[in-house]
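Asker: One structure is given below, represented as structure tokens, and several questions about it will come after.
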Amino acid sequence: MGDRHYLQLTCAGCGTKNPSDEDYNNDPLENACYYAPSSGFMDFKCRNCGKRNWIYDTYGTRIVNEKELKELYKENGFS
């Protein structure tokens, strides 16, 4: 089993924190962006603008479309 992280990340599209400070402080395990690369959890959908964000190894984010998302998962061993 690999590392798992419950993160508060900023959307690369609109700059909104996901989740909000209030939600994250209230219950980080329930509300956070779940990041577990060895289990195939490497993206999140922004709660404000709805854009898909790819999480890369330094917890940075970038917007990806569905085709890019499939390719990134494939490159990381998930089909």
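Asker: Suppose a student asked you for the relative contact order of the chain, using Cα pairs under 8 Å spaced at least 6 residues apart; what percent would you report?
Answerer: With pairs under 8 Å counted, the relative contact order is 27 percent.
Asker: Right, here's the next one. Can you compute the modelled spin-label distance between residue 76 and residue 47, with each label point 7 Å from Cα toward Cβ, in nm?
Answerer: 2.1 nm
Asker: What is the packing order of peptides 59-65, 8-14, taking the mean over residues of other C-beta atoms within 10 Å and listing the highest first?
Answerer: 8-14, 59-65
Asker: Another one. Run the numbers for residue 67 and residue 10: contour at 0.36 nm per residue of separation, minus the present Cα-Cα distance, in nm.
Answerer: 18.3 nm
Asker: With each run of n ≥ 4 DSSP H residues scored as -39500 (n - 2.57), what mean residue ellipticity at 222 nm is computed for the chain after dividing by its residue count and rounding to the nearest 500 deg cm²/dmol?
Answerer: That comes out to -6000 deg cm²/dmol.
We did not get these values from a lab; they are worked out from the coordinates using the rules stated. Keep in mind it's a predicted model, so treat the numbers as computed, not measured. All Cβ positions, even for glycine, are placed from backbone atoms using ideal geometry, and neighbour counts span all protein chains on display.
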